Amino acid sequence: MATKIGLEIHVQLKTNTKMFCECNTNFLDAKPNTLICPICTAQPGSKPMGINERALELALKTALLLGCKINTGKELFVERKHYFYPDLPANYQRTSRPFAVEGELYGVRIREVHFEEDPGRYELRTGEVDYNRSGIPLIEIVTEPDMKTPKEARDFLKKMKTVIEYLDAAKPEGGLFKVDANISTDGNERVEVKNINSIKGVLKALCFEEIRQKNLARQGTPIKKMETRHFEDTQMITTFLREKETGDDYRFLPDPDIPPLEISAESVEKLKQDLPETPTTKAKRLKEEYRIPKLEADTIASERDLADAFEKVAGKVNAKFASKWFVNHLKRELNFRTKTFIESKLSTKEITKLLTALEKRSITKHTGVDILRKMLDEQVSAKAILEEHGGKAGFDVDSIAKEVMLENKKAAEDYRAGKTESLNFLVGKVMAKTKGRLEPKQCIEAVKKGLEK
Ligand SMILES: [Zn+2]
């Protein structure tokens, strides 16, 4: 039996209001406990409002993009999951029965998707509680244990993240994901690592856990009882939390305040018409529409914003050239800085300027990359750097070559008379005028072109 990994992925949905009340969900810049009301702090006598329609729509669309079947025509109860913790004022968390099942994404089966509401935030060190997040709608996506290595789990999460970004369904300030990861290795019972906040964290936690479990089995003391562990972000290790609780421990009960949800087949059909492209369908379209290689299309489609930018730029410069440049330079420089396109704050207008200069060969590839790096690291505009590199539109190598011919008529005539060394002299002049910022090949071509006339 090899290593088996399953994931429970929590995604905070991008809604303006909370799940069962009308409190604002923009908790990032808010002072603690300013986005609250009697409902999301579970005051006595308060009753929840109906399920947030926008949250339901985003949740269903996400499930559809994950290839799930929607549980239509059934009464889906919202249940109370009981446990005590200071961040949970009602002492229960509302969680729905699965509204979607049996999906698949890149070969990993999705077991189910259900709703939850986010608890508040409890600061263990100070004992302070902030209920601004209490009641924010979440979905939990549960996979089957289909991943065999920590790296596979990481790659799957990256792909899942892209799908959710395409739908624009998640609140990015929520870190996009909170993951609980289940892992079992040879001879050991399953271990659940709770509350990992980043994709990198998932990889680290699983790598640590895989080695720990294998060592235990080797020493003849395998894990006999399912256990729950906590991931220590700063030390990159997992620590024992408790023996795994079972469903019974939570005493799930249908919430009497919320009528069961019933999703109609018609409403699902309607949502299907309104689904955005997925990374896979977008890559396919880019490949066909712009006639670019599959690998390039896949890379460009790996970020929705990068793909949008590519399409804007490809309308202005040669698409094949733009595609190569996006993949070989832009994406590479972004990866090097572990930035996404949107985080880089690059504008498509600026990229177009840079690529136009490159396409016209008024700057070298090397200079182009230098300019891109400056745009990324110093937030300077392409226009400003291009001007510094030779006039508003960069160098016009052909007119410079013409100028050189006029200034060096003797050398030009010598060349025409068969004195080939004169070519080097003229090219040297052109290179000096362009301050060495053009490729020698470009200068030679321009001089030869000028000499033919
Ligand atoms: Zn509220």
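Read-outs throughout are calculated quantities, based only on the coordinates presented, and are distinct from any laboratory measurement. Given the structure is predicted, the values throughout are model-derived calculations rather than measurements. Cβ coordinates were reconstructed from backbone atoms using ideal geometry, including for glycine residues, and neighbour counts include every protein chain displayed.
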(message) Please give me, ordered by residue number, the GluC sites (Glu not before Pro) of region 53-145 that lie in loop per DSSP and have at most 12 other Cβ atoms within 10 Å.
(response) 75, 123, 128
(request) Sum -39500 (n - 2.57) across every DSSP H segment of at least 4 residues in the chain, then divide by the residue count to get the 222 nm mean residue ellipticity, nearest 500. (result) -12500 deg cm²/dmol
(message) Need one number: nm distance between label points at residue 264 and residue 221, each 7 Å from Cα along Cα→Cβ, rounded to one decimal.
(response) 6.1
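List 234, 143 from most exposed to least, where exposure is judged by having the fewest other Cβ atoms within 10 Å. Intermediate results must be reported in sequence, preceding the final value.
Numbers: 234 5, 143 26.
Fewest-to-most Cβ neighbours within 10 Å comes out as 234, 143.
Two decimals, Cα atoms only, Kirkwood Rh: what is Rg/Rh over the chain?
Working: Rg = 29.5 Å, Rh = 26.0 Å.
The Rg/Rh ratio comes out at 1.13.
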(message) Show me, for region 266-271, the HN-Hα J-couplings you get by feeding each phi into the Karplus relation (A = 6.51, B = -1.76, C = 1.60, θ = phi - 60°), rounded to Hz, glycine and proline as x.
(response) 5, 5, 5, 4, 4, 4
(request) With +1 on each Lys and Arg Cβ and -1 on each Asp and Glu Cβ, and nothing else charged, work out how big the dipole of the chain is about its Cα centre, in Debye to the nearest 20. (result) 2140
(message) Are there any trypsin sites (Lys or Arg not before Pro) in region 326-384 that are in a DSSP loop and have at most 13 other Cβ atoms within 10 Å? List them by number.
(response) 337, 345
(message) Could you list 399, 323 so that the one with the fewest beta carbons within 10 Å of its beta carbon is first and the one with the most is last?
(response) 399, 323
(request) Quote the relative contact order of the chain in percent (integer), defining contacts as alpha-carbon pairs under 8 Å separated by 6+ residues. (result) 13
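Reported to two decimal places, what Rg/Rh ratio describes region 301-388 when computed on Cα atoms with Rh from the Kirkwood expression? Please report the intermediate quantities before stating the final value.
Values: Rg = 11.7 Å, Rh = 12.8 Å.
Here the Rg-to-Rh quotient is 0.92.
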(request) Could you name the aspartates and glutamates whose alpha carbon sits less than 12 Å from that of residue 312, not counting residues in the same chain fewer than 8 places away? (result) 350
(request) Please work out the Kirkwood hydrodynamic radius for region 4-273, using every pair of different C-alpha atoms, and report it in angstroms with one decimal place. (result) 19.4
(request) Relative to the compact-globule scaling 2.2 N^0.38 Å, provide the ratio for the alpha-carbon radius of gyration of region 270-337. (result) 1.13
(message) What does DSSP give for region 4-273 in terms of the percent of beta bridges that are antiparallel, rounded to the nearest 5?
(response) 95
(message) Counting other C-beta atoms within 10 Å, and keeping those with at most 10, which DSSP coil trypsin sites (Lys or Arg not before Pro) do you find in region 105-206?
(response) 125
